[in-house]
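The block underneath contains the structure these notes are about, expressed in structure tokens.
The values are calculated or read from the model by the stated rules, or taken from the named source; none is laboratory data. The shown structure was predicted, so the numbers you read here are calculated from the model rather than taken from an experiment. A quick note on method: Cβ atoms are made from the backbone with ideal geometry, for glycine too, and the neighbour counts reach across all protein chains shown. Side chains are part of the model used for accessible areas, which takes the heavy atoms of the whole protein and leaves out ligands, DNA and RNA. Shrake-Rupley method; radii C 1.70, N 1.55, O 1.52, S 1.80 Å.
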Amino acid sequence: MAEAGNVAWDMGSYEWLLQGKDFDSIHPSLQRQAILNMNYGLYEVIPGIYQVRGYDLANISFIKGDTGWIVFDPLTAKETAAAALKFINEQLGERPVVAVVYSHSHADHFGGVRGVVDEADVRSGKVKVIAPVGFMDHAVAENIYAGNAMNRRMFFQYGVLLPRSPFGHVDQAIGKNTAAGNLGLIPPNVIIKDDIQEMTVDGVRMVFQNTPGTEAPAEMNTWFPDKKAFWAAENITGTIHNIYTLRGALVPWCPGA
Ligand SMILES: [Zn+2]
């Protein structure tokens, strides 16, 4: 549930996709993707790197540090981000969030930050919030100045306000849908300014690579040398989501946010 009293997220409303039927009214590729997006829950990517998938449009990733979690991309809504954190803590043991990384300036990758950290802890420096250069300018320009127009077009483009059925809203392909909860933003207290910049947080070595003007105007990749793991933000995805959209957003732009 969202704080406002509405349903923020409901995977059950898509159960009809799992009847093993081919729906003539849905493009076969969209149906395939929509069924894949029904695989939700907690995933271990490699030991120490986990994702909670299917709690919002994007995935939320958790890196196990010496003492707590480093959260990568805390979803769109406070409510779904808090639910994902609660779920991983129940499954893998309670750990505090010691840092948050915003990979880029699209709202489905930062909007739920208030569900995983307290702003006072960020202001005091107890929790690091790390973002690529230009993040605040672009997050504000795209989601606040242009926000209303962009949202209306997004509702139209994806039919997200239609009933969930083979004749209405099916999926957004890159993820199921955008959660209908509280979207917020806590300004980062660490900005990655260099092209390549290394940082160790809670014992986890990370090498950030700024990639401005790619999938988003402000974006960065992360390499974990000790884990031989690479986080490509949304610069690499399993869907072709960087096709020009109809909403007048800066391109490229992920379709959900
Ligand atoms: Zn994006």
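Points worth noting:
- Rolling a 1.4 angstrom probe over the protein heavy atoms with all chains in place gives the chain an accessible area of 47 Å² per residue.
- Whole-percent carbon and sulfur share, accessible surface of the chain, 1.4 Å: 54 percent
- Note on segment 75-144: Cα Rg divided by 2.2 N^0.38 Å, N the number of residues, gives 1.15.
- Karplus-derived 3J(HN,Hα) values for segment 29-43, using 6.51 cos²θ - 1.76 cosθ + 1.60 with θ = phi - 60°, are 5, 5, 5, 4, 5, 4, 6, 4, 6, 7, 7, 10, x, 9, 10 Hz; glycine and proline are entered as x.
- Amide H contacts of Val129 (H built 1.01 Å from N, in plane; Pro and chain starts excluded): Val100, Asn189, Val190 sit under 5 Å, all sequence-distant by 5 or more or on other chains.
- Lysine pairs in the chain whose alpha-carbon atoms fall under 28 angstrom of each other, counting only those eight or more residues apart or on distinct chains, come to 27.
- Considering only Cα atoms, the convex hull volume of segment 182-232 works out to 120 Å³ per residue.
- Counting only alpha carbon atoms, the long axis of helix 147-158 and the longest principal axis of the chain meet at about 50°.
- Angle in degrees between helix 78-92 and the longest Cα principal axis of the chain, rounded to the nearest 10: 70 degrees
- Projected over all directions and averaged, the alpha-carbon convex hull of segment 92-237 occupies 10.6 nm².
- Divide the volume of the convex hull around the Cα atoms of the chain by the residue count and you get 127 Å³ per residue.
- Whole-Å distance, taken between Cα centres, linking segment 59-99 and segment 115-144: 16 Å
- Contact order normalised by residue count of segment 11-231, Cα under 8 Å, 6+ apart, percent: 21 percent
- A simple count of charges around Thr76, restricted to other residues whose Cβ falls under 11 Å of its Cβ and scoring Lys, Arg +1 and Asp, Glu -1, yields -3.
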